[in-house]
Every structure is written in C-alpha cells, then in structure tokens.
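Engineer: I have a structure I would like to understand better, so I am pasting it below and will then ask my questions one at a time.
The values are calculated or read from the model by the stated rules, or taken from the named source; none is laboratory data. This structure is a prediction, so every number in the text was calculated from the model and none was measured. We place every Cβ from the backbone using ideal geometry, glycine too, and count neighbours over all the protein chains shown. The area values use the complete protein model at the heavy-atom level, side chains included, leaving out ligands, DNA and RNA. Shrake-Rupley method; radii C 1.70, N 1.55, O 1.52, S 1.80 Å.
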Amino acid sequence: MDAKVNRKKLGLKEKYKLLTRDLGWEPSYHAKEKIFPYATYEGIKIHDWDKWEDPFRLTMDSYWKYQAEKERKFYAIIDAHAQNNGHLNLTDARYLSALKIFLQAISPGEYAASKGFARVGREFPGVGTQVACQMQAIDEIRHAQTQIHAMSNYNRFYNGFHAFAQQRDRIWYTSVARSFFDDAMSAGPFEFMIAIGFSFEYVLTNLLFVPFMSGAAYNGDMATVTFGFSAQSDEARHMTLGLECIKFMLEQDPANLPIIQSWIDKWFWRGFRLLGLVGTMMDYMLPKRVMSWREAWDIYGVANGTALFKDLARYGIRPPKSWDDAEAGIDHMSHQFMLGFYQWSFGTCFHSWIPSDEDMAWLAEKYPKSFNQYYLPRWQHIKKLAEAGTPFKNFGVAKLCQTCQLPTVFTEPDEASLLCHREGDYKGEKYHYCSDHCKEIFDNEPEKYIQSWLPLPQLFQAPNFGDIGAWMAWVDLKDGIDNGDYVGSQDEANFQAWRGLATSNSNAQAQGEQ
Amino acid sequence: MSTVFIALQANEQTRPIIEAIVLDNPHAIVNQEPAMVKIDAEGTLVIRQQTVEELMGRAFELQELHVNLISLSGNVDETDETLTLCWNA
Amino acid sequence: MAVVAMKPYVGVPRDVVANFNGMQLVYASWDHHLLFASSLMMCLPPQMKFREFVEGPLTVLLQPDPDAGKIEWNKVQWLKSDQAFTPDFEASLKDNGIVHKALLRFKTPGLNSLLKQGA
C-alpha cells in the first residue's frame with residue numbers, strides 16, 4: 001500500500017469533475033471545427049458537451065487500479081489452467097468449435113472496437129466523452145489480448161486455432177464480424193457510438209457473453225469463463241456508456257431523433273445477424289447446454305429490450321423496425337446456420353457434426369414450433385447419407401448477403417419452408433440480400449456496400465480463381481485436419497486418448513503436443 | 001413496471017454484496033446461475049455502501065463493484081454512498 | 001444520399017464480371033428444398049448452353065436431395081429475378097438473358113420429401 005497521506009478524500013462527483021472537465025481547454029489559436037473536423041457532418045447537433053456525464057464517474061486513476069486487479073485475477077486462473085492440464089476438464093472436445101469461431105470471428109472484433117474507440121475518442125469534442133472512449137479503447141484491446149492468450153493454451157493441443165489473424169481477413173464466415181466492425185469504423189463518430197456503444201453493447205452483448213460464459217462454465221472451460229467474466233466486467237461500463245450517449249444525443253437537439261432512430265434500426269439488425277452465430281454455439285456446439293438460444297433471447301433480448309425501449313419512448317424512440325422479424329427468426333436461425341456449417345464444413349477451420357438423437361430430442365423440446373417440422377427431416381436425411389458412406393457436402397457454395405455478408409440461409413419471416421431471396425440493381429450491377437432489412441441498409445448507402453469484399457465471389461477471382469486447394473492454402477486451412485466432421489477428427493482422437501491417459505497411471509503428459 | 005437487473009460473478013467477494021442487495025431490496029429476486037448470480041428487481045435496485053461494509057467487515061468503495069460485475073440493465077446513478085439502477089417507464 | 005460523407009464519394013464494386021476471367025456467377029435455388037442451406041453458386045462460361053448447365057453442374061449439385069432423380073426438367077417452373085421465365089435449353093446462358101450474378105429459382109410442385117406434410 002502507498003503511504004497514507006493526511007488529506008481530505010475527494011468525493012466521487014468532485015473527483016470526476018477535476019479529472020475530466022478540468023483536463024479540457026478552449027483552443028486559442030485554432031478554430032474548434034478544425035480540431036474536431038468530424039463532429040458535425042453526420043447531422044447530429046450538440047450544444048453543450050458538458051451535459052455529458054459518465055454515470056459511474058470513473059476516473060483514470062480508479063480505472064487503472066481496478067483493471068490491474070482484474071488482470072491479476074485473470075492471469076492467476078489462466079496459469080492454473082495451463083499448469084493443471086485444464087484442457088482435459090472439458091466435457092468434450094466438440095465444445096472447442098465454439099471457441100474456434102469465437103477466436104476467428106469475435107476476438108479480432110475486439111481489436112477493431114479498440115481502434116474504433118481510440119478514433120472516436122479523438123474525434124468527439126467533449127472531454128467526458130473522450131475519457132470514456134479512451135477507457136473503452138484500452139478495455140477492448142485488453143479483451144482481444146486476454147482472449148487470444150487464454151485460447152493459446154488450447155492451440156498447443158488442438159487444431160484450428162493457429163491462423164485466426166490471417167483467417168479474419170480471408171476465410172468466409174469471419175467476414176460477417178469483420179464487415180460489421182468495418183462498417184461501424186468507416187461511419188462517423190456518432191454513428192459508431194450508436195453502432196457499437198448502444199446497439200451492440202447495450203442491446204445485444206448480454207446475449208453474446210452471459211449465456212456463452214455460463215456455457216463455458218458448464219462445460220469445464222475455466223479459461224474461457226475467466227476471459228469472459230474479465231471482459232464482461234468492462235461491458236457493464238460500456239453498456240452504460242452506450243445508453244448515456246444515446247440519451248445525451250437525444251436531449252441535445254430534437255433534430256437528432258430521426259437520425260438516431262435510423263441508426264438504431266440499422267445497427268440492431270446488423271448486430272442481430274452477427275450474434276446469430278452465438279445461437280448456433282449455444283444450441284449445437286455446447287456438449288452440455290445451459291439454455292437454448294430461444295430462452296436466452298427471451299431473457300436478454302425480449303425482457304431487457306422491451307424495458308429499454310419503453311424507457312426511451314419518452315424521447316420519441318421506438319423499438320427497431322426489424323424487431324418482429326428478429327423475433328420470427330429466433331426459432332430457426334441456429335438450425336439454419338448449423339445445417340450450413342455442416343454441409344460447407346470442408347471450408348471451415350472448425351469441426352461440425354450431426355446432432356445425436358439425444359441432442360435432437362433436446363432441440364425438439366426447446367423449439368416446439370420449428371424443429372420437428374422443418375429441421376429434423378433434414379438432419380435425418382443427412383444422417384442417412386453419412387451412414388451410407390456418402391456424407392453430404394454442398395460444393396455449391398453459398399450466395400452471400402451484400403450487407404451482412406452471411407450466407408443467405410434464412411427463410412421468409414412468414415414461411416419457414418422457403419428461402420428468403422431479395423435482390424436489387426445499382427448502377428448496372430446485381431446485388432443480393434438476406435432480408436428486407438439488409439436490403440434497406442444497402443439502399444440507404446449503396447456507395448458504401450458495393451465495396452463489400454464478399455469472400456465467396458472472391459474465391460472465383462484472383463488469386464485463387466475457384467481452385468479450392470489453392471484457397472485452403474491461402475486461408476491456412478489444413479484439409480482433413482482443421483475442417484470437416486468432428487467424428488473421426490484428430491481433435492476427437494487426441495482428446496479421448498489424453499483424457500484416458502490423464503485418468504490412468506500411464507504417462508499423463510500430453511504426447512501429441514504440437 | 002420494467003425489471004432492472006445486476007449480474008455478479010459468484011465468488012467470495014460478491015457474497016456480502018449480494019446479501020446487502022437482498023437486505024436493501026426486499027422485492028429483488030436472486031437467480032443462481034452457473035458461475036454467476038443475477039438479481040432482478042422491478043423498477044429500481046439500490047446498492048448501499050454502508051450495508052455492504054457492515055456485512056463485509058471492512059471499508060468498501062462502490063466502484064470496487066466493477067471488478068466482479070458481469071452485466072446490468074437500467075439507467076445507472078452512482079454517488080459515494082449508493083448505486084441505483086432504474087427504468088423511468 | 002448514396003453515402004453519408006464529408007465530400008463526394010464514389011465506391012468501386014468488387015465483383016464485376018470483368019474480374020472473373022471470362023466466366024460469370026450464376027445462382028440457383030430450388031424452392032422448398034432446404035437441404036441446400038442457401039442458393040447454389042456456380043462460376044460458369046456465359047456461352048454454356050442452358051441444357052449443359054442443367055444437366056451438368058446443377059444436376060451434380062442437386063444429387064444429395066432425395067427428390068433430385070424425380071425432377072422433370074421440361075415441367076419445371078422457372079423464375080429469373082422474381083419474374084416467370086421460360087428458358088431456351090439449346091441457347092446459351094447469355095442468350096437466355098442470364099446475366100452475371102443472376103438468380104434462377106425453380107419450382108417442382110409435388111416434390112417435397114424433406115418437408116413434413118401438413119406444415
């Protein structure tokens with residue numbers, strides 16, 4: 001402990017004032033608009049930046065103190081995990097597919113969020129906002145680092161973790177997360193705040209972290225629980241920042257309302273599409289499941305979202321336009337994604353599998369309105385094909401949505417037996433979308449989205465020109481090792497063998513360590 | 001009335017905090033979930049520094065909550081003595 | 001406004017036909033046959049005859065569906081960009097007006113082995 005200094009302790013409010021407002025100054029030899037050139041072009045009007053307040057009133061000195069404590073806790077557990085063969089405590093190595101997707105798609109998103117907050121922290125003219133954005137930029141880079149560090153312990157023993165940094169830019173499914181953050185980062189600072197700070201953090205992040213981390217706890221993955229909780233302890237602050245930011249913008253000028261509403265409409269849908277991948281992890285990839293995606297949505301999406309939008313109604317904000325279509329999709333999306341992952345598993349750097357009879361009974365119970373009717377017959381047929389020695393591989397690679405970049409696997413909101421097709425023309429080119437909402441987002445800013453780097457059309461262009469083998473080398477995917485069915489994989493064989501060794505008297509040290 | 005919630009890691013540090021929340025918010029409902037405790041409360045939920053300190057047996061700054069906080073919902077208002085979550089509608 | 005920006009801004013599309021070495025993309029989707037999780041993407045020469053397209057790459061890709069062998073191609077109902085379309089099987093993709101990134105949907109009423117009845 002530091003030596004005690006006999007001085008009156010500052011109150012929270014006073015300290016916050018001193019360590020935010022009093023760090024700012026009025027420029028004397030430069031025009032303010034020149035220093036903050038991006039603060040107005042989006043049309044948001046701010047009259048008094050001092051009205052901005054962090055409800056937690058966290059100042060930089062306290063921030064470092066508490067973050068250091070979080071890091072100590074984190075590394076104590078990560079060390080214990082590594083020292084005690086923590087990877088053998090998993091319920092099953094199938095679970096690792098969820099982590100591989102997380103590492104390839106979500107962790108680079110944390111890094112992107114860090115860059116984004118560093119940027120908007122510079123671009124916002126208000127001091128309170130700058131400090132809060134600076135903290136969040138540091139948080140996000142910490143999340144990326146602790147996640148990569150925690151999962152590196154699995155990389156020593158299992159396939160598919162090795163090339164996440166390269167795959168973030170090259171493999172097909174990661175472009176969904178990448179384009180989400182690129183879209184936000186190439187927008188102005190206010191839209192970025194609504195995109196990441198409000199729609200993603202406040203409305204949707206609970207769905208990502210809370211049930212998923214509980215799932216990790218259920219499945220014996222101490223490393224992920226630890227990075228998850230460590231990250232999540234920052235999220236509460238981020239969520240609060242997002243909510244504060246939207247209230248501040250709405251209170252500053254009534255003209256801000258329609259702009260903000262259109263961003264909420266856009267970013268709720270963008271985030272909802274992205275987080276659908278989490279639904280697949282929860283419903284299919286956790287050997288021991290905590291709750292279904294539907295149940296998580298009811299708790300964190302519906303209950304919480306309803307309360308939030310009821311609260312914001314006093315400013316004239318209504319729930320996102322796509323809310324009903326999101327609700328309609330909940331009973332279908334995890335099945336649609338997993339069926340896609342299975343049939344395209346030759347191109348994924350993680351394993352998928354056909355759910356067991358027990359899994360399917362659970363899915364039928366959790367999805368009484370959809371599973372037996374629509375998805376069970378497909379899985380049964382796929383099982384029959386596998387048993388006949390002709391496992392289903394769909395080499396007709398997917399049509400991607402120009403906006404969210406997901407394969408267009410979704411069905412019509414009111415007809416679950418028909419794929420949803422939407423297309424449009426812009427300047428003589430044809431574009432395809434997964435939904436009315438993604439089409440509308442495109443139509444609002446076509447010059448932005450025509451530039452989408454869609455990984456599957458790119459497969460047939462330079463440098464790979466449709467050669468799947470060359471593409472696999474280019475994305476650093478080892479055929480027969482990193483991809484395909486979990487059943488019969490090296491991961492499966494190693495996990496069984498090592499766990500056997502760990503519970504008997506033979507040499508328990510992992511022999512296949514890479 | 002909408003429900004606010006706070007979710008904390010389930011560990012030795014949060015046990016007295018959770019007890020304090022229960023004492024100060026008789027309407028709160030405590031849900032034990034894997035590795036975490038989620039407390040729901042209709043309308044508002046208050047965490048009082050004084051109650052936590054009494055149960056913990058040491059000085060406690062409310063900002064220490066950040067270390068073990070998982071998530072929350074509602075508008076936040078924090079002073080030196082209390083942290084309040086509420087919905088205005 | 002085509003994009004919210006501080007000054008005039010023009011984007012460059014990434015998937016123009018010129019990038020495909022003389023080939024083009026064609027998407028096909030079999031209505032109510034969701035074994036195939038999404039529309040099927042194929043990269044084909046525009047000179048390919050419609051018959052070659054149907055009997056070649058399309059037939060190969062559809063094979064895993066239990067209804068695949070029962071399709072009567074002369075009775076199939078086609079949609080091109082959501083409009084009814086009668087293809088000329090002896091003409092090329094190009095002469096059938098199937099442009100780069102066109103989506104062809106087709107319906108086979110009565111065939112739906114993998115959909116539970118009474119839906």
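Engineer: Give the residues of the range C:77-105 that are open to solvent by less than 20 Å² (accessible area, probe 1.4 Å), away from chain A (no Cβ under 14 Å) and among the charged types (D, E, K, R), sorted by residue number.
Structural biologist: Selection gives nothing.
Engineer: Identify, from the list A:Lys100, A:Lys51, the residue that is open to solvent by 60 Å² or more (accessible area, probe 1.4 Å) and either under 30 Å from A:Met213 (Cβ atoms) or not polar (S, T, N, Q) (or both).
Structural biologist: Testing whether each residue is open to solvent by 60 Å² or more (accessible area, probe 1.4 Å) and either under 30 Å from A:Met213 (Cβ atoms) or not polar (S, T, N, Q) (or both) leaves just A:Lys51.
Engineer: I'd like the full set of residues that are among the aliphatic types (A, V, I, L, M) and open to solvent by 10 Å² or more (accessible area, probe 1.4 Å), limited to the range A:106-122.
Structural biologist: Within the range A:106-122, A:Ile106, A:Ala118 meet the criteria.
Engineer: Report, by residue number, each residue of the range C:93-110 that is in contact with a helix residue (DSSP H, G or I) (Cβ under 7 Å, 6 or more places away or on another chain) and under 15 Å from C:Leu58 (Cβ atoms).
Structural biologist: C:Leu93, C:Asn96
Engineer: Ok, one more. Counting only residues that are closer than 26 Å to C:Met23 by Cα and either at pLDDT below 95 or among the small types (Gly, Ala, Ser) (or both), how many does the range A:469-486 have?
Structural biologist: The qualifying residues number 3.
Engineer: Can you spot a residue in the range A:328-348 that is at pLDDT 95 or above, assigned to a helix (DSSP H, G or I), polar (S, T, N, Q) and under 19 Å from the mean Cα position of the chain (by Cα)?
Structural biologist: Yes; the residues of the range A:328-348 include at least one that is at pLDDT 95 or above, assigned to a helix (DSSP H, G or I), polar (S, T, N, Q) and under 19 Å from the mean Cα position of the chain (by Cα).
Engineer: I'd like the residue in the range A:61-89 that is open to solvent by 20 Å² or more (accessible area, probe 1.4 Å), free of Cβ contacts under 8 Å to residues at least 12 places away in the same chain and over 25 Å from A:Ala493 (Cα atoms) and, out of all such residues, is farthest from the other protein chains (Cβ to nearest Cβ).
Structural biologist: If we filter the range A:61-89 for residues that are open to solvent by 20 Å² or more (accessible area, probe 1.4 Å), which is where we start, we get A:61, A:64-65, A:68-69, A:71-73, A:75-77, A:79-80, A:82-85, A:89.
Of the ones still in play, those that are also free of Cβ contacts under 8 Å to residues at least 12 places away in the same chain are A:64-65, A:68-69, A:72, A:75-76, A:79, A:83-84.
Checking which are over 25 Å from A:Ala493 (Cα atoms) leaves us with A:64-65, A:68-69, A:72, A:75-76, A:79.
On the way: A:Trp64: 12, A:Lys65: 9, A:Ala68: 10, A:Glu69: 5, A:Arg72: 10, A:Tyr75: 14, A:Ala76: 12, A:Asp79: 18 Å.
So the residue we want is A:Asp79.
Engineer: Looking at the range C:21-66, which of its residues are without any contact (Cβ under 8 Å) to a residue 60 or more places away in the chain, within 9 Å of chain A (Cβ to nearest Cβ) and among the charged types (D, E, K, R)?
Structural biologist: C:Asp65
Engineer: If you go through the range A:206-214 one residue at a time, do you hit one that is open to solvent by 10 Å² or more (accessible area, probe 1.4 Å) and assigned by TED's automatic domain parsing to the domain that holds A:Arg273?
Structural biologist: No, that holds for no residue.
Engineer: Something else now. List every residue pair whose Cβ atoms sit under 7 Å apart, with the two residues 6 or more apart in sequence or on different chains, where the first one lies in the range A:104-124 and is in contact (Cβ under 8 Å) with a residue 12 or more places away in the chain and the second, anywhere, is open to solvent by less than 10 Å² (accessible area, probe 1.4 Å) and among the polar types (S, T, N, Q).
Structural biologist: Hits for this filter: A:Gln104/A:Gln167; A:Gln104/A:Thr174; A:Ala105/A:Thr174; A:Ser107/A:Gln147; A:Glu110/A:Gln147; A:Phe117/A:Gln136.
Engineer: How many residues, within the range A:187-232, are touching a Leu at 6+ places or on another chain (Cβ under 7 Å), within 9 Å of chain B (Cβ to nearest Cβ) and at pLDDT below 85?
Structural biologist: Residues that pass the stated criteria total 1.
Engineer: Follow-up question, since we're still on this one. Scan the range A:281-322 for residues that are more than 14 Å from chain B (Cβ to nearest Cβ) and in a helix (DSSP H, G or I) and report the count.
Structural biologist: Number of matching residues: 7.
Engineer: Considering A:Leu10, A:Leu18, which residue is over 21 Å from B:Gln9 (Cβ atoms), in a loop (DSSP other than H, G, I, E, B) and either at pLDDT 90 or above or out of contact with any Lys or Arg (no Cβ under 6 Å at 6 or more places or on another chain) (or both)? Break it down stepwise before answering.
Structural biologist: Numbers: A:Leu18 fails: in a loop (DSSP other than H, G, I, E, B).
The match here is A:Leu10.
Engineer: Which one is farthest from A:Ile194 (Cα to Cα), of the residues in the range A:19-34 that are free of Cβ contacts under 8 Å to residues at least 40 places away in the same chain and of a type outside the set (Phe, Trp, Tyr)?
Structural biologist: A:Ser28
Engineer: Take the range A:386-424 and flag every residue that is facing chain C (nearest Cβ under 7 Å), buried (at least 17 other Cβ atoms within 10 Å of the Cβ) and not β-branched (Val, Ile, Thr).
Structural biologist: At the first step, the residues of the range A:386-424 found to be facing chain C (nearest Cβ under 7 Å) are A:392, A:394-399, A:407-409, A:417-419, A:421, A:423.
Those still in the list that are buried (at least 17 other Cβ atoms within 10 Å of the Cβ) too: A:392, A:394, A:396-399, A:407-409, A:417, A:419, A:421, A:423.
Within the range A:386-424, A:Phe392, A:Asn394, A:Gly396, A:Ala398, A:Lys399, A:Pro407, A:Ser417, A:Leu419, A:His421, A:Glu423 qualify.
Engineer: Taking the range A:355-369 as the region of interest, how many residues are surrounded by 20 or more Cβ atoms within 10 Å (Cβ to Cβ) and out of contact with any Phe, Trp or Tyr (no Cβ under 6 Å at 6 or more places or on another chain)?
Structural biologist: Summing the residues that are surrounded by 20 or more Cβ atoms within 10 Å (Cβ to Cβ) and out of contact with any Phe, Trp or Tyr (no Cβ under 6 Å at 6 or more places or on another chain) in the range A:355-369 gives 2.
Engineer: Follow-up question, since we're still on this one. Considering only residues of the range A:132-150 that are over 16 Å from the mean Cα position of the chain (by Cα) and of a type in the set (A, V, I, L, M, F, W, C), which is most open to solvent (accessible area, probe 1.4 Å)?
Structural biologist: Only one residue fits best here, namely A:Ile138.
Engineer: With C:Ser29, C:Ser113 as the choices, which residue is among the small types (Gly, Ala, Ser) and surrounded by 17 or more Cβ atoms within 10 Å (Cβ to Cβ)?
Structural biologist: Details: C:Ser113 fails: surrounded by 17 or more Cβ atoms within 10 Å (Cβ to Cβ).
So the residue among C:Ser29, C:Ser113 that is among the small types (Gly, Ala, Ser) and surrounded by 17 or more Cβ atoms within 10 Å (Cβ to Cβ) is C:Ser29.
Engineer: Looking at the range B:13-89, what helices (runs of 4 or more DSSP H) fall wholly within it and have at least 1 residues that are basic (Lys, Arg)? Full working, then the answer.
Structural biologist: Numbers: elements: B:15-24, B:49-56, B:65-68.
Because the criterion is at least 1 residues that are basic (Lys, Arg), the helices (runs of 4 or more DSSP H) in the range B:13-89 that meet it are B:15-24.
Engineer: Could I ask something else about it? Looking at the range A:272-307, which of its residues are touching a Pro at 6+ places or on another chain (Cβ under 9 Å) and among the hydrophobic types (A, V, I, L, M, F, W, C)?
Structural biologist: Matches in the range A:272-307: A:Phe272, A:Val278, A:Met282, A:Val290, A:Met291, A:Trp293, A:Ala296, A:Ile299.
Engineer: Scanning the range C:1-31 for residues that are in contact with a Pro (Cβ under 9 Å, 6 or more places away or on another chain), assigned to a loop (DSSP other than H, G, I, E, B) and of a type outside the set (Gly, Ala, Ser), which turns out nearest to A:Gln451 (Cα to Cα)?
Structural biologist: Among those residues, the one meeting the criterion is C:Arg14.
Engineer: Do we have any residue at all in the range A:241-261 that's at pLDDT below 90 and under 19 Å from B:Pro34 (Cβ atoms)?
Structural biologist: So far as the range A:241-261 goes, no, none of its residues is at pLDDT below 90 and under 19 Å from B:Pro34 (Cβ atoms).
Engineer: Right, another one. Among what's in the range A:457-485 and is away from chain C (no Cβ under 11 Å), among the aliphatic types (A, V, I, L, M) and under 15 Å from A:Trp172 (Cα atoms), pick the residue that is most open to solvent (accessible area, probe 1.4 Å).
Structural biologist: Ranking the qualifying residues of the range A:457-485, first place goes to A:Ala473.
Engineer: When you scan the range A:329-370, how many residues do you find that are touching an Asp or Glu at 6+ places or on another chain (Cβ under 8 Å) and either without any contact (Cβ under 8 Å) to a residue 12 or more places away in the chain or within 14 Å of A:Ser417 (Cβ to Cβ) (or both)?
Structural biologist: 3
Engineer: Does A:Arg289 satisfy the criteria of being crowded, with 23+ Cβ neighbours inside 10 Å, more than 23 Å from A:Gly128 (Cα to Cα) and in contact (Cβ under 8 Å) with a residue 24 or more places away in the chain? Walk me through how you get there before you give the answer.
Structural biologist: Details: crowded, with 23+ Cβ neighbours inside 10 Å: no; more than 23 Å from A:Gly128 (Cα to Cα): yes; in contact (Cβ under 8 Å) with a residue 24 or more places away in the chain: yes.
No: the conditions fail for A:Arg289.
Engineer: Further question on the same structure: Tell me which strands (runs of 3 or more DSSP E) are completely within the range A:373-466 and hold 1 or more residues being more than 27 Å from A:Glu327 (Cβ to Cβ), or say none if there are none. Show your work before the answer.
Structural biologist: Details: elements: A:415-419, A:422-426, A:429-433.
Per the criteria, A:422-426, A:429-433.
Engineer: Evaluate the range A:299-318: report whether one residue or more is of a type in the set (Val, Ile, Thr), closer than 27 Å to A:Phe395 by Cα, in the same structural domain as A:Arg94 (by TED's automatic domain parsing) and open to solvent by less than 10 Å² (accessible area, probe 1.4 Å).
Structural biologist: From the range A:299-318, those of a type in the set (Val, Ile, Thr) are A:299, A:302, A:306, A:317; that's our starting set.
Going one step further and asking which of them are closer than 27 Å to A:Phe395 by Cα, we end up with none.
Looking for residues that are of a type in the set (Val, Ile, Thr), closer than 27 Å to A:Phe395 by Cα, in the same structural domain as A:Arg94 (by TED's automatic domain parsing) and open to solvent by less than 10 Å² (accessible area, probe 1.4 Å), one finds none in the range A:299-318, hence no.
Engineer: Another one. Please specify each residue of the range A:185-203 satisfying the condition of being surrounded by fewer than 24 Cβ atoms within 10 Å (Cβ to Cβ) and closer than 18 Å to A:Ile106 by Cα.
Structural biologist: A:Met185
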